[in-house]
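Before any comments, here is the structure.
The values are calculated or read from the model by the stated rules, or taken from the named source; none is laboratory data. Predicted model only: the values in this text are computed from it and were never measured. Positions of Cβ are generated from backbone atoms using ideal geometry, with glycine treated the same way; all protein chains shown enter the neighbour counts. Ligands, DNA and RNA are excluded from the accessible area calculation, which covers all protein heavy atoms including side chains. Shrake-Rupley method; radii C 1.70, N 1.55, O 1.52, S 1.80 Å.
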Amino acid sequence: MSISFFKCVMSSKLKLFILTSLAIPIVISSSNLSLDTPYSNITNNDRAVENFKGNRPLRGTKRQSSLKKQNRLLSLFTIVKFDNEPCYSSSGDSGICMTSTECYQHRGVPIGSCANSYGVCCLSLSTCGQTIRENGTYFVNAGYPDGLNNTGTCQVTIHKLSPHICQFRLDFERFSIMGPEPVNHQCDNDQFIVSGSNPVPVICGLNTGSHMYVDAGTGTSPIILTMVTSGIFLKRNWKIKISQLPCDSITKADTGCLQYYTGVSGTLKSFNYESYSGLHLSNQDYTICLRTERNFCSVQYSACDDQMNNRSHAFTLTGNTLGQNPVQANVGSVGSSPCNSDYLIIPCVSSKQGPVASGMNTCVDRLCGGTLNTDYSTMPTTVMSSVRPFRLSFHTNAVEMPNDMGNRGFCLNYIQQPCNANYA
């Protein structure tokens with residue numbers, strides 16, 4: 001008995017109909033199938049199946065006989081459903097699980113199988129001048145994976161896949177463009193620009209492994225990502241994963257957070273931090289948030305290890321830190337000096353080992369200088385804050401020279417502390 005197929009409208013979940021037999025199972029995509037459509041497209045030489053065609057009413061025993069045969073026909077099918085969920089290849093690339101036909105329609109590349117091999121893990125790549133409407137799409141440089149060595153502008157436009165999207169998360173899986181000029185740390189050559197959302201600082205340099213959360217807004221206006229490259233002396237390379245987050249997603253960042261970290265411990269870095277030659281960027285003003293994990297009431301911060309220098313450059317925000325001599329920590333409260341140019345705000349932060357800044361009874365909020373400490377010292381120490389929600393704010397102005405030179409920014413390891421911890 002031969003069987004053809006009927007039309008179907010795709011739902012948000014993929015459906016595969018599998019015709020099973022004693023020999024070889026046949027996998028049929030439901031891209032053009034609908035259970036709500038009459039069997040008007042079924043053609044079969046068998047007279048009983050032919051009765052399913054058209055709109056001819058079936059009466060009496062003919063109708064009963066026809067329905068029995070219809071049930072026997074449908075019993076041959078098993079419905080397999082799977083969501084468009086993230087999937088991963090053996091090389092670590094991430095994609096979205098879908099049918100091979102859909103992957104082709106989305107200009108994607110299959111990088112593996114998923115859903116027990118009923119679907120393909122589809123890597124969707126978009127580059128200059130294209131529009132993105134799918135979750136999990138990557139914005140890559142022209143010619144990717146080869147580097148880009150020219151002057152120009154590469155831009156993609158992001159539309160929400162549904163009205164219920166509140167944020168876009170940008171993961172910089174590869175991000176290597178020209179860094180800032182060395183005098184005032186301005187991104188004068190290459191730039192990464194986010195427009196159409198709340199203010200997002202312009203960044204440049206090396207930012208692989210970093211991320212941003214971008215507000216999607218309440219309307220239908222798109223978000224535009226722009227990569228500006230200037231000069232032919234460097235091969236740029238970028239691969240930015242774009243995730244669309246629903247308003248009720250547990251992974252959505254708190255309001256006002258450009259970066260959002262989860263988990264009891266992790267590492268925070270300013271954009272373009274690199275211990276050997278990185279420079280912190282000018283004109284930065286953004287907030288970093290840590291999700292407060294259950295039964296944790298404070299956060300402990302310490303400078304990352306720096307294997308490239310005799311003296312650690314893991315916290316260097318102000319002063320001349322070009323050499324290997326230690327530069328003193330500076331502190332202040334919000335709205336006061338000396339930390340009034342480039343600084344990191346950690347609300348009511350104190351040294352784990354002792355009182356807050358010698359002779360002071362109030363909390364320290366601003367940290368700057370060339371050493372992580374809440375006292376005026378050249379010895380780095382661990383600092384801690386119990387203010388919730390856990391937030392840090394980073395600010396830099398537009399000027400470095402002549403007072404500030406060679407500052408890398410910051411790299412901090414954080415560990416949340418249990419509510420019953422004893423620090424005595």
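On the basis of being outside any loop (DSSP other than H, G, I, E, B), of a type outside the set (Gly, Ala, Ser) and at pLDDT 90 or above, does Leu372 make the cut?
Criteria not met by Leu372.
Please tell me if Glu293 is touching a residue at least 40 places away in the same chain (Cβ under 8 Å), acidic (Asp, Glu) and within 30 Å of Ser249 (Cα to Cα). It would help to see each step written out before you state the result.
Working: touching a residue at least 40 places away in the same chain (Cβ under 8 Å): yes; acidic (Asp, Glu): yes; within 30 Å of Ser249 (Cα to Cα): yes.
Spelling it out, Glu293 is indeed touching a residue at least 40 places away in the same chain (Cβ under 8 Å), acidic (Asp, Glu) and within 30 Å of Ser249 (Cα to Cα).
Can you find even one residue in region 294-312 that is within 33 Å of the chain's Cα centre (by Cα), within 21 Å of Gln186 (Cα to Cα) and either of a type outside the set (A, V, I, L, M) or at pLDDT 95 or above (or both)?
No, region 294-312 contains no residue that is within 33 Å of the chain's Cα centre (by Cα), within 21 Å of Gln186 (Cα to Cα) and either of a type outside the set (A, V, I, L, M) or at pLDDT 95 or above (or both).
Given the conditions (1) modelled with pLDDT of 95 or more; (2) under 26 Å from Tyr213 (Cβ atoms); (3) out of contact with any Cys (no Cβ under 9 Å at 6 or more places or on another chain); (4) not small (Gly, Ala, Ser), and given that Met178 satisfies all but one, which numbered condition is not satisfied?
(3)
Could you say whether any residue in region 129-148 is surrounded by 15 or more Cβ atoms within 10 Å (Cβ to Cβ), in contact with an Asp or Glu (Cβ under 6 Å, 6 or more places away or on another chain) and over 27 Å from Pro163 (Cβ atoms)?
No, because not a single residue in region 129-148 is surrounded by 15 or more Cβ atoms within 10 Å (Cβ to Cβ), in contact with an Asp or Glu (Cβ under 6 Å, 6 or more places away or on another chain) and over 27 Å from Pro163 (Cβ atoms).
Please give the number of the condition Asp171 fails out of (1) crowded, with 19+ Cβ neighbours inside 10 Å; (2) part of a strand (DSSP E or B).
Asp171 satisfies all of (1) crowded, with 19+ Cβ neighbours inside 10 Å; (2) part of a strand (DSSP E or B) except (1).
Would you confirm whether or not region 197-216 contains a residue that is at pLDDT 95 or above, among the aromatic types (Phe, Trp, Tyr) and closer than 27 Å to Gln417 by Cβ?
So far as region 197-216 goes, yes, one or more of its residues are at pLDDT 95 or above, among the aromatic types (Phe, Trp, Tyr) and closer than 27 Å to Gln417 by Cβ.
Scan region 348-355 and tell me whether some residue there is closer than 17 Å to Ser270 by Cα, modelled with pLDDT of 90 or more and assigned to a strand (DSSP E or B).
Checking region 348-355: not a single residue is closer than 17 Å to Ser270 by Cα, modelled with pLDDT of 90 or more and assigned to a strand (DSSP E or B).
So in region 101-127, with the set limited to residues that are open to solvent by 50 Å² or more (accessible area, probe 1.4 Å) and touching a residue at least 40 places away in the same chain (Cβ under 8 Å), which one is farthest from Lys239 (Cα to Cα)?
Out of the qualifying residues, it is Tyr118.
Consider region 268-294. How many of its residues are open to solvent by 60 Å² or more (accessible area, probe 1.4 Å) and within 14 Å of His211 (Cα to Cα)?
Within region 268-294, the subset open to solvent by 60 Å² or more (accessible area, probe 1.4 Å) is 269, 276-277, 283, 285, 291, 294.
Among the residues that remain, those that are also within 14 Å of His211 (Cα to Cα) are: 269.
Selection size over region 268-294: 1.
Results for (1) closer than 17 Å to Thr157 by Cα; (2) surrounded by 20 or more Cβ atoms within 10 Å (Cβ to Cβ), shown as yes or no for each residue.
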{"residue": "Cys187", "(1), (2)": "no, yes"}
{"residue": "Ile193", "(1), (2)": "yes, no"}
{"residue": "Ile203", "(1), (2)": "no, yes"}
{"residue": "Met212", "(1), (2)": "yes, yes"}
{"residue": "Ser221", "(1), (2)": "yes, no"}
{"residue": "Leu225", "(1), (2)": "yes, yes"}
{"residue": "Gly231", "(1), (2)": "no, no"}
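Pull up region 240-277, narrow it to residues that are small (Gly, Ala, Ser) and touching a Ser or Thr at 6+ places or on another chain (Cβ under 9 Å), then point me to the one that is modelled with the lowest pLDDT.
Ser275
Within region 244-253, does at least one residue satisfy the condition of being among the aliphatic types (A, V, I, L, M), part of a strand (DSSP E or B), open to solvent by less than 10 Å² (accessible area, probe 1.4 Å) and touching a residue at least 24 places away in the same chain (Cβ under 8 Å)? Don't jump to the end; show me each part of the working.
Quick first cut of region 244-253, residues among the aliphatic types (A, V, I, L, M) only: 245, 250, 253.
So of that shortlist, the ones also part of a strand (DSSP E or B) come out as 245.
Next, only the ones that are open to solvent by less than 10 Å² (accessible area, probe 1.4 Å) stay: none.
So far as region 244-253 goes, no, none of its residues is among the aliphatic types (A, V, I, L, M), part of a strand (DSSP E or B), open to solvent by less than 10 Å² (accessible area, probe 1.4 Å) and touching a residue at least 24 places away in the same chain (Cβ under 8 Å).
Scan region 84-135 residue by residue and report those that are modelled with pLDDT under 90 and of a type in the set (D, E, K, R).
Of everything in region 84-135, those that are modelled with pLDDT under 90 and of a type in the set (D, E, K, R) turn out to be Glu85, Asp93, Glu102, Arg107, Glu134.
Among the listed residues Asp248, Asp254, which satisfies the condition of being over 17 Å from Thr208 (Cα atoms), out of contact with any strand residue (DSSP E or B) (no Cβ under 8 Å at 6 or more places or on another chain) and charged (D, E, K, R)?
Asp248
Report the residue count in region 89-105 for those that are assigned to a strand (DSSP E or B) and under 18 Å from Arg174 (Cα atoms).
Final tally of qualifying residues: 2.
Hey, among Thr151, Thr157, which residue is among the β-branched types (Val, Ile, Thr), at pLDDT 95 or above and surrounded by fewer than 21 Cβ atoms within 10 Å (Cβ to Cβ)?
Values: Thr151 fails: at pLDDT 95 or above.
One residue alone meets the criteria, Thr157.
From the list Gly266, Gly256, pick out the single residue that is of a type outside the set (A, V, I, L, M), in a strand (DSSP E or B) and closer than 22 Å to Phe394 by Cβ. So that I can check it myself, show each step before the final result.
Values: Gly256 fails: in a strand (DSSP E or B).
Result: Gly266 is the single residue among Gly266, Gly256 that is of a type outside the set (A, V, I, L, M), in a strand (DSSP E or B) and closer than 22 Å to Phe394 by Cβ.
Open to solvent by 30 Å² or more (accessible area, probe 1.4 Å) and either free of Cβ contacts under 8 Å to residues at least 40 places away in the same chain or of a type outside the set (Val, Ile, Thr) (or both): which single residue out of Pro199, Pro180 fits that description? Give the derivation first.
Values: Pro180 fails: open to solvent by 30 Å² or more (accessible area, probe 1.4 Å).
Within the list Pro199, Pro180, the selection yields Pro199.
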